[in-house]
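This report concerns only the one structure given below.
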There are 6 protein chains.
Amino acid sequence: MLRIIFLLSLLFALSNASVNDFCVANLKKAETPSGYPCIRPIHVKPKDFVFSLGTPGNTTNIINAAVTPGFVAQYPALNGLGISTARLDLAPKGVIPMHTHPGASEVLFVLDGSITAGFISSSANTVYVQTLKAGQIMVFPQGLLHFQINAGKSNAAAFVTFSSANPGLQILDFALFANNLPTDLVVGTTFLDPVTVKKLKSVLGGTG
Amino acid sequence: MLRIIFLLSLLFALSNASVNDFCVANLKKAETPSGYPCIRPIHVKPKDFVFSLGTPGNTTNIINAAVTPGFVAQYPALNGLGISTARLDLAPKGVIPMHTHPGASEVLFVLDGSITAGFISSSANTVYVQTLKAGQIMVFPQGLLHFQINAGKSNAAAFVTFSSANPGLQILDFALFANNLPTDLVVGTTFLDPVTVKKLKSVLGGTG
Amino acid sequence: MLRIIFLLSLLFALSNASVNDFCVANLKKAETPSGYPCIRPIHVKPKDFVFSLGTPGNTTNIINAAVTPGFVAQYPALNGLGISTARLDLAPKGVIPMHTHPGASEVLFVLDGSITAGFISSSANTVYVQTLKAGQIMVFPQGLLHFQINAGKSNAAAFVTFSSANPGLQILDFALFANNLPTDLVVGTTFLDPVTVKKLKSVLGGTG
Amino acid sequence: MLRIIFLLSLLFALSNASVNDFCVANLKKAETPSGYPCIRPIHVKPKDFVFSLGTPGNTTNIINAAVTPGFVAQYPALNGLGISTARLDLAPKGVIPMHTHPGASEVLFVLDGSITAGFISSSANTVYVQTLKAGQIMVFPQGLLHFQINAGKSNAAAFVTFSSANPGLQILDFALFANNLPTDLVVGTTFLDPVTVKKLKSVLGGTG
Amino acid sequence: MLRIIFLLSLLFALSNASVNDFCVANLKKAETPSGYPCIRPIHVKPKDFVFSLGTPGNTTNIINAAVTPGFVAQYPALNGLGISTARLDLAPKGVIPMHTHPGASEVLFVLDGSITAGFISSSANTVYVQTLKAGQIMVFPQGLLHFQINAGKSNAAAFVTFSSANPGLQILDFALFANNLPTDLVVGTTFLDPVTVKKLKSVLGGTG
Amino acid sequence: MLRIIFLLSLLFALSNASVNDFCVANLKKAETPSGYPCIRPIHVKPKDFVFSLGTPGNTTNIINAAVTPGFVAQYPALNGLGISTARLDLAPKGVIPMHTHPGASEVLFVLDGSITAGFISSSANTVYVQTLKAGQIMVFPQGLLHFQINAGKSNAAAFVTFSSANPGLQILDFALFANNLPTDLVVGTTFLDPVTVKKLKSVLGGTG
């Protein structure tokens, strides 16, 4: 019994040490460049470390696909841990359009079906495209344009992770056509013709 | 045609810029603290970015489980990208024994079956255990002791990723009992009794 | 005199310390994720730390503009120092087309003339456009699509720096149209029509 | 006199620059992944940069040893500086049991007496053990299991530093036996027998 | 129209993702080691990304020179982006005295005139001096003593950037002579004679 | 026996994982920005992790003091581990002159005697001086000018560690006076008078 007391006194001394093994985000507070302030460890529960991406996203849309993010904003336990998650669902003919993640590299693991994925290098503009089946993985280096397309006739799905708790997601068509960037600026900086730009702005809800 | 020439001359000027979008590891060269030297981009092929973890590992062993790593040593395209992969397979009663990854946080996505997983915080020694089904995710903060156990009666499998291309894997029992660390040092630093230590050394191939 | 000897003996002891204040790149050796191996300090000369971006680039091309990089590949002294440089020249009607730097934020300082510059945020797709005159600065956060256009009737120029020795440069049109990415993949992932894609591929030297 | 005024006006202009040379922790505010918010520099005093580890810890306990941390929680001036401290005291037969620091490498400097210290590599499970006398240093790479034992017959002491302001400290026995982790989970993940587990739980105050 | 709704519903789902592309500093809140807390993106305006260094600083002072900083404290949009700015103005005979930036490397671009600049390596104490004309660049590695002097007979100016949003600026003479560091400590740690120290303290407003 | 074979087969599979727990420097190869290439783990011996700073440095010199570094160049096991060491010895009247470490913060632990130590903040030029006795610690933030002086009548000694394997050491007097930096440049950038500069150059072996 004495031993316990002695050991627990040691334990107590040590528990004064900071317990920042993790830093579950307090999303109500202002972010910092390194992430959100932490919830106090005493308020963190085991289930806070669990997130579910088991349910396919709704693919009844123009792209026949869905991206379901599990970034720090949805999954606060990832805050400060340098990693995050998402799920891709692609119905037949589904496509995750050309996009980038400004702040992270991506690893994609095919859960079901078959997916053609690719990225384009900077400067050399080399194309790296591969068709993947279930169980295969592809890595997309940080910040490069990439895409995923359903390569089969059935539904396809993938689990993806990123090398940051907040990778960002910039979808090319939304960036160009789903806002108020004036048509002449889009035309001038992409060499697309005004008719094409205006048509895509119309489809995607952009103005200007 | 003139336009093409002008544009290509611009293109050429830019291609003098370094093309280190990625750094596929040259595993034959000596590592550095930041990873391996890169293969020249001209020798990198699209399939270098692909890896397969589709095949279950062999679970016919004492732990009824297998860890199949896709770290930089197996999957050289991850070099420098701050992320890596592995597959866990757990037959019924399978267990991935208590272990740490010294250099990374881990995200686990359950592919099949049901898995009880947990980690223990430092200083406070709080236990965070959860039972996960297919499609659920759990995050394990860097460097903390954690484990995974098959919680069901069928095979279970998981895809895991890490926040480093080289997370490391230190399995507690192997660290304590599968080497020549003298029994008295193990006893003295763990408070296990010598009989227990010698028995486990015998099972795991340790000496001393 | 004795003092000198004593002090120099101290000096000598200290000069055994590593002198890695800088790490001028040896471009002939293979890169690592952290940059190139260093030239030995004894071979580094004062002029290695100097680079010139005083000469306007050639703007006689389809974009009436030029980007002259001073990245680590052109300016090896930047290796490992987390910063790099470039010069933009825009003749009247000149435009630096929509592009990203996958590995760095950018600061642009207008040297001459007037430049309209903008970037688009991810997720929210918000447009941040401003017209700048000489002496004004704009910052472009890492990895986001951005552009620069001559806003005046005379030549414009800018000095830009990046928060990495190797920021990368992915020009949208070149990534989509100046390589062998098949037209149907471009169409499928951008929602552009095949005629537009084929026309731009033709102008930019792409195939497929 | 005029010179002073001119120079001080320059000085004043510069003092508008941020003075974040240091960031003494405000421990009352919520942590972030990069550490605590800073106390305003005007409230920082010279003595805030000083800490004392001159007093031996109390070794009248079961391990005949004490760890006295000087981490950011005890020594707030370390916040954000990437370094922290601790003192080890080992009475005769004293032992710092097998443990890890999840977030830092460690350097140990022997102040008095003689210490046998060791760590075990991951994957290869190689043992690196050395006996050190006063004035000798040993480095323990991040996240690996390691221990220290008094190798002599008199008291031993060491000053240790870590490559993080908040290295963490996970003591193996406390993580396994000093909490409510169910005995069957400990048994299942360590291959220890239930009797041993229950005995150690009893000694260390664990339940379940 | 239905398409728009579907796409916008996708867009909505994605906009739940964190929008931390940038983190414009809220200077009223306490800093953290990674920078200031962010203003909410909805309150950020395009002009927040713009700063002006077009106006020469006042060089009517003892050094015939001025440093105008555009660090995070003056230019909050730089927060977390790893880069910052400043402008140097040197009237004839102007000099930016020997100084260091404790937290960043520096790139200097000469806008007008001619500047002699140099830095001194650590350990080897090697001098790297060069005279630069407009359009030339020099890089100063992090933390090393360096200086800039007007090398011509007309005004000179430079735009400089740093590899940190908060590089710091320690001017040697101000550090030694413009505070209450006792004369005997200055003498003892610099080997300057007391008369010299007291004279410079007098000029620079120091005491003690 | 079968169990051992099964377990060892698991062990074998895992040992294909990279074993970069540490990266003992191969000092014969060229450095990279992240440090030296690693010696292969198979050639690393337990004693490589040990270094000795038990012997006082030679203080029979003009400063009555000695700095004995244990940086990566002397202690290759520190490579990549983000920490390094040194020993200070100060005979009576000994002084470690004003200096900076361009790449690291420093923690000083007084081993013997009494030491007056101080640093000066940037921008505000605030002085932080304290007198320390054995067992006390002081932290010096990265890149700031600081010094240590023997505050007693007997020998003093300290063990210091740095938050980098290669912190650098720039001693002010050596940087200004122990090289070929022309006297007029020293005078012009420090406001010291030429007589003082030439005298110190003479004492410290400088020219010009």
Check your understanding: What is the residue count in region A:97-120 for residues that are in contact (Cβ under 8 Å) with a residue 40 or more places away in the chain, in a strand (DSSP E or B) and touching a Ser or Thr at 6+ places or on another chain (Cβ under 8 Å)?
Key -> 9
Exercise for review: Tell me which residues, restricted to region E:187-208, are part of a helix (DSSP H, G or I) and touching a Lys or Arg at 6+ places or on another chain (Cβ under 8 Å).
Suggested key: E:203
Revision key, fill the gap. Scanning region D:139-150 for residues that are in contact with a Leu (Cβ under 8 Å, 6 or more places away or on another chain) and assigned to a loop (DSSP other than H, G, I, E, B) gives D:141, D:142, D:145
**Study point:** Residue ID - least open to solvent (accessible area, probe 1.4 Å), chosen from residues in region B:60-71 that are more than 7 Å from chain F (Cβ to nearest Cβ) and touching a residue at least 40 places away in the same chain (Cβ under 8 Å)
**Key:** B:65
Review point. Is it true that residue B:141 is within 11 Å of chain A (Cβ to nearest Cβ) and farther than 17 Å from residue A:54 by Cβ?
Key: yes
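When you scan region D:161-186, how many residues do you find that are among the β-branched types (Val, Ile, Thr) and in contact with a Lys or Arg (Cβ under 7 Å, 6 or more places away or on another chain)?
Taking region D:161-186 first, the residues among the β-branched types (Val, Ile, Thr) are D:161, D:171, D:183, D:186.
The next check asks that each one be in contact with a Lys or Arg (Cβ under 7 Å, 6 or more places away or on another chain); those that pass are D:183.
So the count comes out to 1.
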Exercise for review: With the condition kept exactly as written, say whether any residue in region F:161-184 is in a helix (DSSP H, G or I) and in contact (Cβ under 8 Å) with a residue 40 or more places away in the chain.
Suggested key: yes
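Before we move on, is residue A:81 crowded, with 24+ Cβ neighbours inside 10 Å, in a strand (DSSP E or B) and either at pLDDT 95 or above or facing another protein chain (nearest Cβ under 7 Å) (or both)? Spell out the reasoning first.
Working: crowded, with 24+ Cβ neighbours inside 10 Å: yes; in a strand (DSSP E or B): no; either at pLDDT 95 or above or facing another protein chain (nearest Cβ under 7 Å) (or both): yes.
Considered against the rule, which asks whether it is crowded, with 24+ Cβ neighbours inside 10 Å, in a strand (DSSP E or B) and either at pLDDT 95 or above or facing another protein chain (nearest Cβ under 7 Å) (or both), residue A:81 comes out as no.
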Point to revise | Subset of region D:150-208 that is facing chain B (nearest Cβ under 9 Å) and among the charged types (D, E, K, R) - its residue that is surrounded by the most Cβ atoms within 10 Å (Cβ to Cβ) | key: D:173
Check your understanding: If we scan region D:130-138, do we find a residue that is within 19 Å of residue B:183 (Cα to Cα), assigned to a strand (DSSP E or B), open to solvent by 10 Å² or more (accessible area, probe 1.4 Å) and touching a helix residue (DSSP H, G or I) at 6+ places or on another chain (Cβ under 7 Å)?
Key -> yes
**Study point:** Condition check for residue E:93: open to solvent by 30 Å² or more (accessible area, probe 1.4 Å) and either on the phi > 0 side of the Ramachandran plot or in contact with a helix residue (DSSP H, G or I) (Cβ under 6 Å, 6 or more places away or on another chain) (or both)
**Key:** yes
Point to revise | Pairs with Cβ under 8 Å, 6+ apart, first in region C:186-198 and among the hydrophobic types (A, V, I, L, M, F, W, C), second in a loop (DSSP other than H, G, I, E, B) | key: C:186/C:192; C:187/C:193; C:192/A:192
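Within 13 Å of the chain's Cα centre (by Cα) and over 17 Å from residue D:187 (Cα atoms): does that describe residue B:154? Spell out how you get there, then give the answer.
Numbers: within 13 Å of the chain's Cα centre (by Cα): no; over 17 Å from residue D:187 (Cα atoms): yes.
Spelling it out, it is not the case that residue B:154 is within 13 Å of the chain's Cα centre (by Cα) and over 17 Å from residue D:187 (Cα atoms).
Could you please give the count of residues in region E:121-142 that are in contact (Cβ under 8 Å) with a residue 24 or more places away in the chain, in contact with a Ser or Thr (Cβ under 9 Å, 6 or more places away or on another chain) and within 28 Å of residue C:112 (Cβ to Cβ)?
Looking only at region E:121-142, we keep the residues that are in contact (Cβ under 8 Å) with a residue 24 or more places away in the chain, and these are E:132, E:134-142.
Then drop every residue that is not in contact with a Ser or Thr (Cβ under 9 Å, 6 or more places away or on another chain), which leaves E:132, E:134-137, E:139-142.
Still in the running and within 28 Å of residue C:112 (Cβ to Cβ): E:132, E:134-137, E:139-140.
Qualifying residue count for the region: 7.
Of the residues in region C:114-151, how many are modelled with pLDDT under 95 and either within 19 Å of the chain's Cα centre (by Cα) or hydrophobic (A, V, I, L, M, F, W, C) (or both)? Before the answer, list the steps.
Restricting attention to region C:114-151, the residues satisfying the condition of being modelled with pLDDT under 95 are C:122-124.
Applying the additional criterion that residues be either within 19 Å of the chain's Cα centre (by Cα) or hydrophobic (A, V, I, L, M, F, W, C) (or both) yields C:124.
Number of matching residues: 1.
Just to be sure before I move on: is residue A:86 under 12 Å from the mean Cα position of the chain (by Cα) and open to solvent by less than 10 Å² (accessible area, probe 1.4 Å) in the structure I sent?
Numbers: under 12 Å from the mean Cα position of the chain (by Cα): yes; open to solvent by less than 10 Å² (accessible area, probe 1.4 Å): yes.
Yes: the conditions hold for residue A:86.
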Review point. Would a scan of region E:102-113 turn up a residue that is open to solvent by less than 20 Å² (accessible area, probe 1.4 Å), acidic (Asp, Glu) and modelled with pLDDT of 95 or more?
Key: yes
Check your understanding: Do you know which residues across region C:162-178 are touching a Gly at 6+ places or on another chain (Cβ under 9 Å) and over 12 Å from residue C:200 (Cβ atoms)?
Key -> C:162, C:163, C:164, C:165, C:166, C:167, C:168, C:170
Review point. When the residues of region B:9-34 are filtered to those that are among the hydroxyl-bearing types (Ser, Thr, Tyr) and not in a loop (DSSP other than H, G, I, E, B), which remaining residue is modelled with the lowest pLDDT?
Key: B:15
Point to revise | Looking only at region A:36-58, and only at residues there that are touching a residue at least 40 places away in the same chain (Cβ under 8 Å) and open to solvent by 10 Å² or more (accessible area, probe 1.4 Å), the one that is farthest from residue A:106 (Cα to Cα) | key: A:38
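The values are calculated or read from the model by the stated rules, or taken from the named source; none is laboratory data. Everything numeric here is computed off the predicted structure, so don't read it as measured data. Because the Cβ atoms are built from the backbone with ideal geometry, glycine has one as well, and the counts that use them run over all protein chains shown. Accessible surface is based on the protein model in full, side chains and every heavy atom, while ligands, DNA and RNA are left aside. Shrake-Rupley method; radii C 1.70, N 1.55, O 1.52, S 1.80 Å.
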